[in-house]
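See structure below.
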Amino acid sequence: MRVERSGITAAAATGQGLYYAARTLAQLANGRTRLPGMFIRDWPSLRYRGFQYDISRGQMPKLESLKLLAQVTAEAKMNLYELYIEHEFAWQRYPDIAPPEALTRAEGR
């Protein structure tokens, strides 16, 4: 990515790379109306960057919280968000094995 007086240009090998370039620009701007000139050459050192969240122990998070965490994960330029769910889905055939706050089939999708 190059920021110059004449404008901003970005190039990437994939659409995902352009997405991350846009995220970097938004993080640099952070409310500024002017940016200094710069040249950024960057790429991920790891193919997969993310974390695992164990939602099967302790208080079950609400669906809205899980969605917000997915957004934060993307902002941090991670591409993997794995939920360890164990018994946190309300299965139609076995409704008694899930806690009352378990995710429904629609929420799981």
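The values are calculated or read from the model by the stated rules, or taken from the named source; none is laboratory data. It should be emphasised that the depicted structure is a prediction, and the values quoted were computed from it without experimental measurement. Glycine also receives a Cβ, built like all others from the backbone with ideal geometry; neighbour counts cover every protein chain displayed.
Results, tabulated for the structure shown:
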quantity	calculated
Some residue of region 63-71 being at pLDDT below 90 and among the polar types (S, T, N, Q)	no
Test: residue in region 42-61 that is in contact (Cβ under 8 Å) with a residue 24 or more places away in the chain, within 27 Å of Ile8 (Cβ to Cβ) and exposed (fewer than 11 other Cβ atoms within 10 Å of the Cβ)	yes
Which listed residue is in a helix (DSSP H, G or I) and assigned by TED's automatic domain parsing to the domain that holds Met1, from Ala22, Ala106, Ala74	Ala22
Test for Lys67: is it touching a residue at least 40 places away in the same chain (Cβ under 8 Å), in the same structural domain as Pro99 (by TED's automatic domain parsing) and either within 15 Å of the chain's Cα centre (by Cα) or assigned to a strand (DSSP E or B) (or both)	no
Region 1-18: number of residues that are surrounded by fewer than 13 Cβ atoms within 10 Å (Cβ to Cβ), modelled with pLDDT of 90 or more and not in a strand (DSSP E or B)	6
Count - residues of region 48-59 that are in a loop (DSSP other than H, G, I, E, B) and modelled with pLDDT of 90 or more	2
